[in-house]
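Report on the following structure.
The values are calculated or read from the model by the stated rules, or taken from the named source; none is laboratory data. Only a predicted model underlies this, so the values are computations on that prediction, with no experimental measurement involved. We place every Cβ from the backbone using ideal geometry, glycine too, and count neighbours over all the protein chains shown. Ligands, DNA and RNA are excluded from the accessible area calculation, which covers all protein heavy atoms including side chains. Shrake-Rupley method; radii C 1.70, N 1.55, O 1.52, S 1.80 Å.
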Amino acid sequence: MDDTNHAWETFIAKGYGKQMIFKKKTFLYHQGEIGNGFYYLKKGIVKISLLSKEGSERDIDYVTPGNLLGEQGFNNGPYFTTATITVPSTLYFFSKLEFDRLCGEIPEAANIFMDSLINKIRLLADATTILNAPAEYRLAHFLYKLYKQENEPSLSINQVALARFIGTSRITVYKILNEWKDEGLIEHHKGNLHLLDVNKLKSIFEGAIHHPIS
């Protein structure tokens, strides 16, 4: 558990935050909805999706335990994305009043919260750029996110799921993975992927972020 996660666990142990338990396929909040607080994920997984200007919805992230979500709705602001519970999950809700009370007792809580909000805005900007990039960039971006979340180069995910997550066909994913295999970036076999060169994978999608494809 890193220092940030430990901090939120400490806040909860002190009685801050309202525990909320959600079933699978529950919408936590919708993009554009006005919020009245944010959440800390104690247990479970929450899918984050973004609606494009053209009206298509794309999954851009999966929040794992120990992280915040919905920070944009802290002070009656609109949520930037839609959050959906993917497995039975336990979260703690922090209203503005509750968070103000927390910051009154533990002032450093405000800095910890702002760090998370800044990171989310940066990730959203990157994800928005990636949505319009070719499939190769989107796939590299998604696999790298999974690697960072799991902190493990071996991933259990099939090509059908990958195609759905990045919004393309399974055939396209198959072709890209085979090209990367020939280049020595990955190994893949029956729903298992092993990342052999994470830095090269990262450089693929960073090219789209820093030099957007028009």
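The residues of region 131-163 that are farther than 14 Å from Leu201 by Cα and in contact (Cβ under 8 Å) with a residue 60 or more places away in the chain, listed by number, are Leu131, Asn132, Ala133, Pro134, Gln149. For region 180-202, give me the residue count where each residue is open to solvent by 60 Å² or more (accessible area, probe 1.4 Å) and either in contact (Cβ under 8 Å) with a residue 12 or more places away in the chain or assigned to a loop (DSSP other than H, G, I, E, B) (or both). Residues meeting the conditions: 8. Asp126 passes every criterion in (1) farther than 30 Å from Asn75 by Cβ; (2) open to solvent by 30 Å² or more (accessible area, probe 1.4 Å); (3) touching a helix residue (DSSP H, G or I) at 6+ places or on another chain (Cβ under 7 Å) apart from (1). Selection of region 1-46 for residues being open to solvent by 70 Å² or more (accessible area, probe 1.4 Å) and assigned to a strand (DSSP E or B) yields Lys18, Gln19, Ile21, Phe27, Ile34, Lys42, Lys43. Scanning region 37-88 for residues that are aromatic (Phe, Trp, Tyr) and under 12 Å from the mean Cα position of the chain (by Cα) yields a single hit, Tyr62.
The residues on offer are Thr26, Thr90, and the sole one that is closer than 22 Å to Phe165 by Cα and among the β-branched types (Val, Ile, Thr) is Thr26.
Filter region 52-93 for residues that are in a strand (DSSP E or B) and of a type in the set (Phe, Trp, Tyr); which is farthest from Tyr39 (Cα to Cα)? Let's see the steps before the verdict.
Taking region 52-93 first, the residues in a strand (DSSP E or B) are 57-63, 68-69, 78, 82-85, 89-93.
Now restrict to residues that are of a type in the set (Phe, Trp, Tyr): 62, 92-93.
Values: Tyr62: 14, Tyr92: 6, Phe93: 5 Å.
It comes out as Tyr62.
Taking Asp100 as the residue in question, decide whether it is out of contact with any strand residue (DSSP E or B) (no Cβ under 7 Å at 6 or more places or on another chain), open to solvent by 30 Å² or more (accessible area, probe 1.4 Å), farther than 17 Å from Tyr40 by Cβ and in a helix (DSSP H, G or I). Criteria not met by Asp100.
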